[in-house]
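Notes follow the structure.
The values are calculated or read from the model by the stated rules, or taken from the named source; none is laboratory data. Being a predicted model, the structure only gives us computed values, none of them experimental. Cβ coordinates were reconstructed from backbone atoms using ideal geometry, including for glycine residues, and neighbour counts include every protein chain displayed. Only protein heavy atoms, including side chains, enter the accessible area calculation; ligands, DNA and RNA are left aside. Shrake-Rupley method; radii C 1.70, N 1.55, O 1.52, S 1.80 Å.
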Amino acid sequence: MQRIPTITASLLLGVSFATTAHSDLLEDIRSEGTFTVGTEARFAPFEYIEEGEIVGYSADIMDHIMPELEGVELIRMDLPWQGILPGLERERFDYVITSVTATPERMERYHLSAPIADATMAILKRAGEEGISSPEDIAGKVAAAQAGSAQLEALEALAAELEEAGTPVEDIRTYTGVDEAYAELGTGRVDVVINSLPNLLEAERTRPDVFEVVGTFGDPVYFSWAGRDDEESASLNAFMDEQIQRLNEDGTLNELQEKWFGGPMDLPLELPAAE
C-alpha cells in the first residue's frame, strides 16, 4: 500500500494552512506537486489508523485515483470530524477525503462528490438486548450519536416523531468521536447508537459478543467526499467526480466494498437531487 503522509490535529496548533486564492485549483495541485486533504481517521472501516498509517476503504480508493495525478504527493490532515467542513471552507486544505453524509443542506453549501458508499441510518444495541428490535423501540431509551453529524440529525428527527406520538426518547447524548459512543453502549451508559449502516456492521463484525445491528430507518442516504463550491475548485471537483464514477462503472468500488464491508453496494453514479 502507498505510504501517505499524515498531519495530525495536534500539529495544526502552530501551523497555518491558509491558502491564497486560486484561479484553477487542479492546475495548482499539479504544478505544486501536493494534494492536501482533510480526513477523520477514526471512522472504521472507511478511514482509521493501523500501525501509524491511515488505512481503510477511502485510502484504497485514493490508491486507484492518485496515479491519475502523476508526480503529485497526497498529504492527509487527520482532524476531528467537527473541524473537517469548517477547515475546507477556510481553505486549510484542498478537498475532503472522509465520509460526508450527503444531506440537502450540505449539497447546497459544498460540492459533494459522486457517491462512494451507502450511508443509510441504522441502530446499534448491545448483543442480545431484548426490547429493541425496531426504530420505535428507542422510545424511553438513552440514544447516542456523534456531535455535529448527519446521524445526530437523523436521531433527533426520529426522536421528534416519537415525542409527537407520545413515546419520547429518554435522552440523547453526543460524543466527539463515534468510538466514544460505542464504548458507552458497551458499558451500558447508553442503550443505542445511531450511525450509518456500514459503520455499525463493522462494529458488530469486530465485536459480535458486544454489539448487534437492529436495522435501518429513513430514506436511502449516501456518503460522498467534498470540495468547495466555487469557481476555483470546479476543475478539482469535476476530476474527483470522474474518478469515482470510473471506479464505480468498472467494478473497482464493488471489489473494495467486498473487501471492507463484506459485500457490494448498489450506488448511483450521481447523488440524487436534493428535495
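A few notes on this one:
- Annotation: Cα Rg of the chain relative to the compact-globule expectation 2.2 N^0.38 Å equals 1.02.
- About its Cα centre, the stretch 121-217 has a charge dipole of approximately 300 debye under the convention of +1 per Lys or Arg Cβ and -1 per Asp or Glu Cβ, with nothing else charged.
- When only the Cβ of Lys, Arg, Asp and Glu is charged (+1, +1, -1, -1), the dipole of the chain relative to its Cα centre reaches about 720 debye.
- Dipole orientation for the chain: of the candidates G56, S134, P264, G56 has the Cα lying most toward the positive pole (charges on Cβ; Lys, Arg +1; Asp, Glu -1).
- Amide H within-cut-off set for T34, under 5 Å, with H built and near neighbours excluded: E73
- Relative contact order for the chain, counting Cα pairs under 8 Å that sit 6 or more residues apart, in percent: 26
- Summed over qualifying helices (DSSP H, 4 residues or more, each -39500 (n - 2.57)) and divided by its residue number, the chain shows a 222 nm mean residue ellipticity of -9500 deg cm²/dmol.
- Computed in the context of the full set of protein chains, the accessible area of the chain at 1.4 Å probe radius has 46% of its extent on carbon or sulfur.
- Å² of accessible area per residue within the chain, as computed with a 1.4 Å probe and no ligands counted: 46
- Every Cα-Cα pair in the stretch 121-217 was counted, and those over 18 Å apart are 36% of them.
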